[in-house]
Amino acid sequence: MKKSLQLTFETLRKSRNDAVVPVLISTLDRTEGSVLEGAVKTLISRRNSEGHLAVIRRWHALNPDQRRLLKPGRGRITTALRDAIVSGDPQLFENACELIVEFSDFDLIPVLVTLAEDRSSPQALPATKLILKLADRLRKMVHGTRDYSDRRDPQSLRRFALASLERSASHYRRHRRSELVEAFVILASTSSGTLRTILNDPHHACFQVVIQTLTHSESAIDLLLSFLQVDRTPQTVLNAMSHRVDAAFVSRLLQYASEEMTPAGRRNLSLIQSFSCLKPQHLSCSALSVVDRQRSVALAEASGMQSDDMLELIETLLLSDEVPQVRAAACAGLASLQSDRADRLILQAMQDEAPEVEAAAALLLRKRRITGSLSKLVQLLDSPHEIVRDAARQALADFSFRTFSARYETLPDKVRRGTGELVVKIDPQAIPELVSELQATGYQRRLKAIAMAKSLKVVQRIAQTLIELLGDEEHLIRAAAAEALQECPTAEVQLALLQASQDHSSVVQSAAKNSLASMANPAISPPADPPTSQEVAR
Amino acid sequence: MTSWLHTTALLAAQHSHWRRLGDGLYRSKSRPEFADFLPYLIFAAVLAAVIAVVVLIIKRNDMSESCNDPQKLFRELSRAHRLGRANRRLLSQLATARKLRQPAEVFLSPAAFELSSLPPQLRSQQPRLEKLRERLF
């Protein structure tokens, strides 16, 4: 736009002469391009509803760029929009509706409600649809992240809109516009007295509409989930939740159930004894995402479902779901269920081709009194799948080095050797902890560690530490180390033992020589135990 | 001293004439007439007219006052564009010739300056109008 034309519009914008408006309005019809755009912009910037109305009247004829010029008029042209709505002019009404949506002008909801309630008005139906659209948009503003570039407070807007919608709900018998009640439910909060009154009175005129909305409307999901988190939730709301099967609601509910819940949330969920969405026919893979199907077991656990229903759900997922993660999650859900059927399902899961499922079952196996579960877990320690081996180790966590060490003295030698092998397999910390014991300050602990090394059959793996012990200050430790090293016939060990055979202690010399002899002739069996205290004394 | 006493005695002797002393004065001036005040009235009227004209001029050019005056809007726009008296008159003539509802509309109507469709009475002003068009649009 040229500077001179800009100057004209700037003068017209600032002028306090009301004759500006007719001049600009006549320009709207006569010109195009930059003059038209300037006229639109100037009319919108002036606080004159006549000018605003003229622009609204031509809204449908404006191109997208020209329409964008109206954006700064949000809030300023509300009066003109109100006039346009009640004008009775179909084109003007249509234009105003589009602008109300464009500007999210929630201030006009009361006017639209009045229009929608008038069944004789030809604009009643479009007004009703517009109210629903606005209510849904306002709901998103209220429940979503606040956009601070929009200076309007969503809660204040909601209160303002709710006042007229509540009034309309109380007149439902007269207008019979279910959409108005739906809009009310969409915007209502859990603390709404009117809503609770309706929900607690099945004979209320709006009761059926409210229940229908809660059961079917996607826009009511936020309200339902809010009800889940408060005390004294009406049973009708919980029933509506239990009947919903739409993916949008179920997904949100499953997410809620899988996260940390409030005490009220746990209590409300436990009051729901069945969920239609968890019935086998609704658990088809196409309806819910993999994550949602995984979460379904958590929802079932949190709810008041009977164990048989829960087993049915788990069985459906475990035996029919194509995704291993879902089957694994279902298997994990068996942890809280103690029955023969649950045990059977665990054993079935052990046969699953997916290692994730096998691992999930392995974790449960140890705590069940299922015959052969220990040997099965021991077998799983050699599984080709890391996840299964880990699960088996976790299930056999009792067989840790610390437990073994604590009970070592009480175990018979045969059990020591059998258990020792398991401990090394199960506890990845066994060797490091054994080495740590071999390096302990107390000589009794070092002595016991050397004995445990033989029981664990790991002498070869800790040979270096044992060689270092040949130089220990305690001759009893040196002798025990020399004796233990006979199980490791390497050149390095032999050299160390040769040196030890020159030890100033005769006990150490004897042990080293015996070990060397044993290495040279494996048929000679070495003494099984380290020297006794009597030998040391001698 | 003696002459003073003499004079006083004379005046006292004519005491009866003193009562009529001011009569001559009143009788010398007639009653005030309209003509006596006419110059003053004319002066006051001229002064009022001057003040009224000044106020009118000030008001006419005061664009900060709220109003609904198409002529004033035309003047406001003319002043914003620093148009001279001749140009203003020409624009006003153009607005009239183009039958625009308000003279100010001419500032937003480039089509009004279309030389091919100029009314006969303005054809002679073609070069000036062309310049004005260049200036305004």
Over the protein assembly as shown, what portion of Cα pair distances is larger than 37 Å, expressed as a whole percent?
69
Give, rounded to the nearest 20 debye, the magnitude of the charge dipole that chain A has about its Cα centre when Lys and Arg contribute +1 at Cβ and Asp and Glu contribute -1 at Cβ.
2220
Using unit Cβ charges (K, R positive; D, E negative) and no other charged atoms, how large, in debye to the nearest 20, is the dipole of region A:139-208 about its Cα centre?
140
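Which whole-number percent of Cα pairs in region A:1-103 have a distance greater than 25 Å? All intermediate terms of the calculation are to be shown ahead of the outcome.
Details: 676 of 5253 pairs.
Taking all Cα-Cα pairs of region A:1-103, the fraction more than 25 Å apart is 13 percent.
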Obtain the radius of gyration and the Kirkwood radius of region A:131-208 from its C-alpha atoms and give Rg over Rh.
1.01
In whole Hz, the Karplus estimates of ³J(HN,Hα) for region A:269-280 (6.51, -1.76, 1.60; θ = phi - 60°; x where Gly or Pro) are 5, 5, 7, 8, 8, 8, 10, 4, 5, 9, 6, x
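Would you mind putting B:62-68, B:127-133, A:454-460 in packing order, based on average other-beta-carbon counts within 10 Å, highest first?
Taking the mean over residues of other Cβ atoms within 10 Å, the ranking is A:454-460, B:127-133, B:62-68.
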Per Stokes-Einstein, at 25 °C and 0.890 mPa s, what whole-number D in µm² s⁻¹ belongs to region A:57-130, with the Kirkwood radius over Cα pairs as the hydrodynamic radius?
198
Which aspartates and glutamates does A:K71 reach when only Cα atoms under 15 Å apart count, and residues fewer than 8 places away in its own chain are ignored?
A:E37, A:E98, A:E102, A:D105, A:D150
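I'd like the mean, over residues of B:77-87, of how many other protein chain beta carbons sit within 10 Å of each residue's own Cβ.
Details: counts 8, 1, 1, 8, 4, 1, 0, 0, 0, 0, 0.
Partner-chain Cβ atoms within 10 Å, mean over residues of B:77-87: 2.
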Neighbour-count ranking [beta-carbon atoms within 10 angstrom, fewest first] of A:D472, A:D246:
A:D246, A:D472
Cα gyration tensor shape for region A:29-182, rounded if a/c is under 1.5, else prolate or oblate
oblate
Roughly speaking, what is the stretch gain from A:R137 to A:R119, that is 0.36 nm per residue apart minus the C-alpha to C-alpha distance, in nm to one decimal?
4.0 nm
In order over region A:161-172: 3J(HN,Hα) from phi, Karplus 6.51/-1.76/1.60, θ = phi - 60°, whole Hz, x for each Gly or Pro, gives 5, 4, 4, 6, 5, 5, 4, 5, 4, 6, 9, 4
With a Förster radius of 25 Å, plug the Cβ-Cβ distance of A:D231 and A:H282 into 1/(1 + (r/R0)^6) and report the FRET value to the nearest 0.05.
0.25
List the pairs from A:K279/A:K367; A:K3/A:K133; A:K3/A:K140; A:K2/A:K133; A:K41/B:K99 whose alpha-carbon separation is above 32 Å, in the order I gave them.
A:K3/A:K133; A:K3/A:K140; A:K2/A:K133
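So if each residue of separation counts as 0.36 nm, and I subtract the Cα-Cα distance between A:E353 and A:R407, what length gain in nm does that give? If you can, show how the numbers build up before the last one.
Working: separation 54, 0.36 × 54 = 19.44 nm, distance 3.78 nm.
Going from the current span to full extension adds 15.7 nm.
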Along region A:445-458, Karplus-curve 3J(HN,Hα) (6.51, -1.76, 1.60; θ = phi - 60°) to the nearest Hz, with x for Gly and Pro, reads 5, 5, 5, 5, 4, 5, 5, 5, 4, 6, 5, 7, 6, 10
Give me the one-decimal nm value for the distance between modelled label points at A:R461 and A:A520, 7 Å along each residue's Cα-to-Cβ direction.
3.2
Only helical DSSP H runs with n ≥ 4 go in: add -39500 (n - 2.57) per run for chain A, normalise by residue count and round the 222 nm mean residue ellipticity to 500 deg cm²/dmol.
-19500 deg cm²/dmol
Approximate shape of region A:401-537 as ellipsoid semi-axes (Cα gyration tensor, √5λ), whole Å, largest first
23, 16, 14
Just counting partner chain Cβ atoms within 10 Å, what average do the residues of peptide B:100-107 show around their Cβ?
5
Positive-end residue of A:L5, A:I462, A:Q486, charge dipole of chain A with Cβ unit charges:
A:L5
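Compute the projected area of the convex hull of the Cα atoms of region B:67-137, averaged over all viewing directions, and report it in nm² to one decimal place. Don't skip to the end; give the middle numbers.
Values: hull surface 17.8 nm².
Answer in nm², one decimal: 4.4.
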Report the semi-axes of the equivalent ellipsoid for region A:289-422 in whole Å, largest first, where each axis is √(5λ) for an eigenvalue λ of the Cα gyration tensor.
32, 15, 12
Estimated distance in nm for a label pair at A:Q325 and B:R60, the labels positioned 7 Å out from Cα along Cα-to-Cβ:
8.4
In whole Å, what is the distance between the alpha-carbon centres of region A:291-338 and region A:191-241?
28
Could you work out the relative contact order of chain A? I mean the mean sequence separation of Cα pairs under 8 Å and 6+ apart, divided by the number of residues, in percent.
5
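Using a 10 Å cut-off around each Cβ of peptide A:54-62, what is the average number of partner chain Cβ atoms that fall inside? Intermediate values should be presented prior to the final figure.
Working: counts 0, 0, 0, 0, 0, 0, 0, 0, 0.
Per residue, the number of nearby Cβ atoms from other chains is 0 on average.
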Give, rounded to the nearest 20 debye, the magnitude of the charge dipole that region A:1-103 has about its Cα centre when Lys and Arg contribute +1 at Cβ and Asp and Glu contribute -1 at Cβ.
540
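Values in this text are rule-based calculations from the coordinates and carry no lab data. Keep in mind that what you see is a predicted model, and the values were worked out from it rather than measured. All Cβ positions, even for glycine, are placed from backbone atoms using ideal geometry, and neighbour counts span all protein chains on display.
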